[in-house]
Structure formats: structure tokens, C-alpha cells
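Working notes, structure below.
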Amino acid sequence: MHRCPIGPSQPVPTPEATVSGPVRRPRRRLNQPREQVLAAAMATIAAEGLDRLTMAGLGREVGMSSGHILYYFGTKDELLLQTLQWSEEQLGAERRAALSRRVPARERLDALVDLYLPEGHRDPRWTLWLEVWVRSQNADDETRERQLDLELAWHRDLVALLVEGVSKGEFRPVDAERFATRTRALLDGFGTHLVVGLPGTTREQVDRAVREFLDESLTVPQGLHGPGPSGRPQD
């Protein structure tokens, strides 16, 4: 799965040193260690698994103490959520680039699906996603809204692509909102099976099943172009 390359660790200023400079400096300097920690956290998850991610180990990776990391993030739950947000920002840029290509809508839909699904067992992004959602069962409304924003980014892009494909006659008429919800539910189910390593489930099998679903649902019947005689969408 896509992740940002990690460079050498750089010395990080102490909280006291950060606040002692000019007023404009803290915001600029806080960004660098935050990015450094988030990238290192994602790299650790990818290389060693989520269970090996500790505040102390992460601090050693970036030249900070566990206390400094808590200073920036407050709790491990917040660190994990911000790491997931950071990871989704990187993937979102890749998704937008794929969707902006001048190719048929179906080709771009296949690219979105490819980015959405985990590569396989213990995929780092999906592993983190599952952990964040499990930890959020008792989260406050603000935290849940931040998680929902991550889901809606995918949903909005999928809806827009479906609307475009239908309007150009490349997809059969569907209710884009409902179809996007169903499609994401399908991908989430298959994705969960893949990332936990459910026996008998492979990425190749999942790709084939998703393609069949999209073919059956979106392929325009021969002789039918545009929204169809009735103009009524199907899903």
C-alpha cells in the first residue's frame, strides 16, 4: 500500500525551546516533528506490525522521548487517528490523480477499487484503519466526525465518478448515492477478510468478484445509450 518514504531522523526541539522563540515559530516548527512522527509510525506498522508500535520505540525512531510524543499528540489513540488521517491524505492525492486521468470512467473506477482494497494480509493502512475504529467505540462526537470525514472522501469521489459515467452513457443508469454505499460495503467486507487473512480469500479472488459485480451492475446493455428510454435509474 502507498506510504510516504521515511528519511533520516532529525533533531527535534524540546517543548520549552519551541515556545521560547518568536511567536510565529511554534506553528512552523511543530509541523515538522508531527509529520516525522506520523511517517515513522506508518513505517513501523508496515515493517513490524501495529503490535510493535510503542511510544518509546517511536521516539527512538525520530529522536524524541515518549514524553515529547505525548506532548504533540496527547494519547496513543490520537496518534493512531492522526497517522490514519496522514496516510489517507497521501492516498487521497494518489486517488485524485487516478480519477483525473482522461480515460474511460470504468478504467478510473477500477483504479479507485485498486487503491481502496488492501494488498493482502496485514496491509498496514487497513490494519491501522481497523484498530482506529475498534478503539473509537467510546469516542466523542468530534473524533467520530473526523473518522467519518475519511470515509466520506472516498464516497464523494465514487459518487462523482458514477454520475459522470452515467451521464456519458458509459454506465447504465443507477442511483449514484445508493450504489456507492453498496459498493463501499462490498469493498469493506472483502477488505476486512483480506487484511485479517481469512483462509481461502486472496486479492485475486476479490478483484474478480468485484469486477463481476461492477460488470453486472454498470455495463450498458447493447443498443441502450444514455439514461435509457424511461430515464429511471436502477441500482
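The values are calculated or read from the model by the stated rules, or taken from the named source; none is laboratory data. All values reported here derive from a predicted model rather than from experimental measurement. Using ideal geometry, Cβ is built from the backbone for each residue, glycine included, and neighbour counts are taken over all protein chains shown. Just the protein is used for accessible areas: all its heavy atoms, side chains included, with ligands, DNA and RNA removed. Shrake-Rupley method; radii C 1.70, N 1.55, O 1.52, S 1.80 Å.
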Percent accessible area from carbon and sulfur atoms, the range 83-125, protein chains only, probe 1.4 Å: 46
Solvent accessible area, Å² - S65, 1.4 Å probe, full protein context: 60
Inter-label distance for D175 and F213, nm, one decimal - labels placed 7 Å from Cα along Cα-to-Cβ: 1.8
Overall form of the range 79-233 per C-alpha gyration tensor (a/c, 1.5; a/b vs b/c): prolate
Highest-first arrangement of 51-64, 138-151, where packing means the average Cβ count within 10 Å: 51-64, 138-151
Heavy atoms of R184: accessible area, 1.4 Å probe, square angstrom to 10: 40
Accessible area expressed per residue, the range 103-235, with surrounding protein chains retained (probe 1.4 Å, Å²): 54
